[in-house]
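Please treat every number below as a calculation from the coordinates, not as lab data. The structure presented is a predicted model; accordingly, all values stated were derived computationally and were not measured. Using ideal geometry, Cβ is built from the backbone for each residue, glycine included, and neighbour counts are taken over all protein chains shown.
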Amino acid sequence: MIDLYPAIDLLSGKVVRLRQGDYDDQTTYGDDPVAVAESFAAAGARWIHVVDLDAARSGSPVNRPVVAAIARAVAGQSLVQTGGGVRTVGDAMLLADAGVARVVMGSAAVADPRLVAEASAVVAVAVGLDHRNGEISVHGWTEASGVQLVDALGWFPTAAAFVITDIARDGMLSGPDVGGLTAAAASTGIPVIASGGVATLADLAALKAVPDLMGVISGKALYEGRFTVAQALQELAR
C-alpha cells in the first residue's frame, strides 16, 4: 500500500503553503502546527511530512522546537519525516533525538552525497530531489544546481527513499507528473515518494499505477478541502 504523507510547511512557526516554492507567494493556513499534526494523526495518517521553510532558505533551524513538539504530540500514532535545512550529520542527529523517524536531505546531499551515507548511520534518510524540468534546484528552490534528476538517482545507495518534487506543480493543484515519476521509479531500486501537484482523489488513483511508489505527499489539496486525509487513505488503500 502507498502511504499518504500529509504535509505541514512551517514558516515563522505558522502552517503555510508556497506556490512553486516562492516565498513571496504564500498562503497561511494556521498558527498551530501541532494541532494540525494531531488532526492528521487522528484521521489515520501513518506518516506526517514536515518542512522547515525558514531553515531551507537560511539554514537556521528556527522551527526545530515546533518539529520536536509535533513528533511528541503524534508519538505512537504517526511517524514524522522532516526536511528543510538538514545540512549536516549533526542536524540529522538532533532531529532523531527530537523524535523524527526520517530526515530529508536535499541541497546538502546534492552538494556532497557522502553526507547521506554518514547520516544514514544515525537515522533513516530520504533524499529530496526537487527539480524544474529535470534539473535539481537547491537552497529552498532558489538556485539551479546543474545536476540532472536522472543522474542524482544513482548517487545515494543508502537512501531510504527519494522525495521527488516537480517544482512547477508544487502548490498549483495541477496534477502530478505521473510519467516522470514512473520513469524515475523505474531507474532506481530505492522507493520513491511523489510530491507536487496532487489536487484530487483521481490524482491519487493515477499515482497508484506508478510501480514502486512508496508514498504521496499532499498539502494544499488537504488545506483547500479538495479531500480529507481519511478519503485519501481510503483511495490509496482501494
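Couple of notes before you dig in:
- Summing charges over neighbours of A119, with a neighbour being any other residue whose Cβ is under 14 Å away from its Cβ, gives -1 when K and R count +1 and D and E count -1.
- For the chain, the antiparallel share of DSSP beta bridges with both residues in that region comes to about 30%.
- Amide H contacts of Y29: V15, V16, R17, each under 5 Å away and 5 or more positions distant or on a separate chain (H built 1.01 Å from N in the peptide plane; Pro and chain starts excluded).
- Here the sum of -39500 (n - 2.57) over DSSP H runs of 4 or more residues, divided by the residues of the chain, equals -8500 deg cm²/dmol at 222 nm, to the nearest 500.
- The simple Förster model, with R0 at 22 Å and r as the Cβ-Cβ distance, assigns A206 and E143 a FRET efficiency of 0.10.
- Virtual spin-label span in nm between V150 and M1, 7 Å along Cα→Cβ: 3.6
- Rounded to 5, the percent of DSSP beta bridges in the stretch 128-238 classed as antiparallel: 30
- Contour excess over end-to-end distance, with Cα ends at D112 and A186 and 0.36 nm allotted per residue: 24.2 nm
- Modelled spin-label separation between Q26 and R238, with each label point placed 7 Å from Cα along the Cα-to-Cβ direction: 3.5 nm.
- The amide H of L173, built 1.01 Å from its N in the peptide plane, has G197 as neighbours under 5 Å, considering only residues 5 or more places off or on other chains.
- Taking every C-alpha pair closer than 8 Å and separated by at least 6 residues, the mean separation divided by the residue count of the stretch 3-237 gives a relative contact order of 18 percent.
- Label assignment, Cα extents along the principal axes in Å derived from the structure, set [x] 51, 47, 37; [y] 38, 38, 35; [z] 71, 41, 26: [y]
- Peptide packing: for 158-165, 203-210, the average count of neighbouring Cβ atoms within 10 Å per residue gives the ranking 158-165, 203-210, highest mean first.
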